[in-house]
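Written below as structure tokens is the structure these notes are about.
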Amino acid sequence: MTNAADLTAHPWFFCGIGGSGMLPLALILKGAGAQVAGSDRSRDQGRTPEKFAWLESLGFTLYPQDGSGITAADQTLVASAAVEDTVPEVVRATALGCPRLSRAQLLARLFNAAPAGIAIGGTSGKSTVTGMTGWILTATGGDPTIMNGAVMKNFVAPDAPFASARVGSGPAFVSEVDESDGSIALYRPRVAVLLNVSLDHKSMEELRQLFGDFLATADVGAVNLDDPEAALLAPRARSLISFGIASPDAMIGAQDLREGPTSLTATVIDRRDGSRHALTLNVPGRHNLANALAAIAAASAAGVAVADAVRALDSYAGLARRFDVIGTSPSGVTVIDDFGHNPDKVSATLATLKAHPGRVIAFFQPHGYGPLRQMGHELAEVLATRLGAEDRTILCDPVYFGGTVDRTQGSQRIVDLIVEGGGQAEYLPERSACADRITAIARPGDRVVVMGARDDTLTVFARDLLARLP
């Protein structure tokens with residue numbers, strides 16, 4: 001993976017160690033033998049205490065986010081680029097002269113040191129394809145290291161309830177890579193997977209440049225030809241393995257898709273040799289067939305036979321908070337927990353739900369005020385047009401854990417846009433009031449989907465909501 005001596009030569013401190021991007025990185029460092037401590041505002045606020053108790057059981061030393069954990073100049077502070085200079089850990093580290101790395105900088109160092117880095121890029125689907133690719137390599141004996149932004153159910157165990165990372169001894173390092181902060185430019189993958197290119201955090205011009213350069217740095221590019229923007233960038237790959245459901249030119253394709261409420265089947269076609277392979281996935285939705293083709297293409301680029309990759313996906317268990325069915329109430333109301341937070345992800349989730357009969361109640365907690373300003377119109381259009389007249393959308397206030405972000409434009413604006421677009425939506429500032437409203441209007445046969453990001457308590461909210469439904 002990397003030279004262990006480089007990691008264990010000095011201690012590390014993670015500011016925000018419980019975050020979806022930070023926790024797996026801390027696990028990988030700890031697994032390599034490094035001394036890792038950290039702090040997290042969520043821990044101080046009493047949110048998800050079980051996660052932090054688990055980290056302490058693994059030997060992580062946790063501190064309040066008051067700077068007390070930064071004690072020596074040889075500690076390296078790992079903090080998101082978004083962490084403000086006024087945070088006590090940053091103030092203390094600066095005073096002591098501690099080196100500082102962003103999460104992406106540290107991940108890139110680990111990733112680039114691996115003999116066979118497989119980087120999963122794109123606007124949507126990265127976590128799922130990372131999980132699928134990691135599972136294929138594991139099931140076929142590759143013993144990879146996997147860095148994910150979501151808990152991978154295949155690796156969850158009593159001693160690993162938050163398995164968003166896996167530390168392996170093999171040459172492969174599978175990781176999702178982020179374009180939103182431009183850090184995708186730091187990675188030097190052997191295999192670069194490009195899923196899609198659409199508006200999220202940056203302009204389309206910036207995204208085309210970033211993703212095109214990403215493909216050009218890799219030995220092999222695996223590109224989705226069904227996505228017009230990704231297909232335009234395919235020529236920038238040095239060597240190409242293409243995939244797609246609709247494109248007749250895709251090397252890895254699919255036919256005979258049959259969707260069920262919680263699963264799907266299809267025939268995978270390898271047009272390079274004409275072989276056909278029966279695929280069964282225990283996750284639903286056409287987008288997950290596309291994700292599976294991406295993972296098969298990535299594994300093929302890494303030397304795994306397509307037949308073996310398809311067979312491994314039969315036992316892929318999915319990710320937490322990715323169309324995660326929490327359960328069905330006695331009266332027949334099903335609650336689903338989902339990470340959908342940008343227009344593409346929300347659209348894919350709603351398309352999966354609307355492929356089957358039954359009313360949809362979509363609860364959405366925006367993942368920040370900034371993203372809501374950036375893509376509010378596109379998000380409102382999806383919620384207005386992907387749902388029918390009988391469906392309902394309910395929004396609460398965006399996630400806010402402190403800081404100086406501009407909060408003048410919030411969820412009411414999105415609800416207004418949904419209603420203007422012909423949808424049925426309402427805004428209730430408090431999440432508890434949204435739960436009351438959903439409980440009051442839910443009918444037998446409804447599907448309630450809880451969507452949002454950057455807040456682990458959404459899963460608790462979904463479970464509590466299910467318990468309240470008759």
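The values are calculated or read from the model by the stated rules, or taken from the named source; none is laboratory data. In this text the structure is predicted, and so the values were computed from the model without any measurement. Note: ideal-geometry Cβ built from the backbone for every residue, glycine included; neighbour counts use all protein chains shown. The area values use the complete protein model at the heavy-atom level, side chains included, leaving out ligands, DNA and RNA. Shrake-Rupley method; radii C 1.70, N 1.55, O 1.52, S 1.80 Å.
For the pair region 361-375 and region 436-456, the centres of their Cα atoms are 16 angstrom apart. Most tightly packed first, judged by the mean number of other beta-carbon atoms within 10 Å of their residues, the peptides 45-58, 273-286 read 273-286, 45-58. One Cα centroid belongs to region 226-280, the other to region 106-127; the line between them spans 22 Å. Of the solvent-accessible surface of region 168-298, computed with a 1.4 Å probe and all protein chains present, 50% belongs to carbon and sulfur. Could you tell me how far the Cα centroid of region 309-327 sits from the Cα centroid of region 24-69, in Å? Centre-to-centre distance over Cα atoms comes out at 28 Å. Each peptide in 72-82, 29-39 was scored by the mean count of other Cβ atoms within 10 Å over its residues; highest first, the order is 29-39, 72-82.
Carbon-plus-sulfur accessible fraction, region 66-155 (probe radius 1.4 Å, protein heavy atoms only): 53%. Once you order the gyration tensor axes a ≥ b ≥ c over the Cα atoms, which shape class does region 63-107 get: rounded for a/c under 1.5, otherwise prolate or oblate by comparing a/b with b/c? Oblate. Could you give the C-alpha radius of gyration of region 259-415 expressed as a fraction of 2.2 N^0.38 Å, taking N as the number of residues it contains? Normalised Rg, Cα atoms only: 1.24. For region 417-470, the Cα gyration tensor yields ellipsoid semi-axes of 20, 16, 11 Å (square root of five times each eigenvalue, largest first, whole Å). Think of each Lys and Arg Cβ as +1 and each Asp and Glu Cβ as -1; about the Cα centre, that makes the dipole of the chain roughly 580 debye. Per residue, the accessible area of region 308-433 comes to 39 Å² when a 1.4 Å probe rolls over the protein heavy atoms. Note on region 60-160: with charges restricted to the Cβ of Lys and Arg (+1) and Asp and Glu (-1), its dipole about the Cα centre is near 280 debye. Rounded to the nearest 20 debye, the dipole size of region 342-386 about its Cα centre is 140 debye, using +1 on the Cβ of Lys and Arg and -1 on the Cβ of Asp and Glu. Remark: spin-label model distance residue 206-residue 45 equals 2.6 nm, labels positioned 7 Å along the Cα→Cβ axis. Classification of region 126-269 by its C-alpha gyration tensor yields an oblate form. The axis ratio a/c (a ≥ b ≥ c) is 1.5 or more, and b/c is at least a/b. Overall dimensions of region 1-125, expressed as equivalent-ellipsoid semi-axes from the Cα gyration tensor (√(5λ), whole Å, largest first), are 22, 18, 15.
Starting from the exponent 0.38 and prefactor 2.2 Å, build the expected Rg for region 281-351 from its residue count and divide its actual Cα Rg by it.
Numbers: Rg = 14.6 Å, N = 71, 2.2 N^0.38 = 11.1 Å.
Against the empirical 2.2 N^0.38 Å value, I get 1.32 for region 281-351.
Compared with the alpha-carbon gap, the fully stretched path from residue 54 to residue 232 is longer by 59.6 nm at 0.36 nm per residue.
Every helix of 4 or more DSSP H residues in the chain counts as -39500 (n - 2.57), and over all residues that averages to -10500 deg cm²/dmol at 222 nm.
Solvent exposure of region 160-270, expressed per residue, is 39 Å² of accessible area, with all protein chains present and a 1.4 angstrom probe. With a Förster radius of 22 Å applied to the C-beta separation of residue 440 and residue 419, the computed FRET efficiency comes to 0.65. Across region 246-253, coupling constants 3J(HN,Hα) worked out from phi with the 6.51/-1.76/1.60 Karplus curve, θ = phi - 60°, read 8, 5, x, 8, 5, 5, 10, x Hz, and Gly and Pro carry x.
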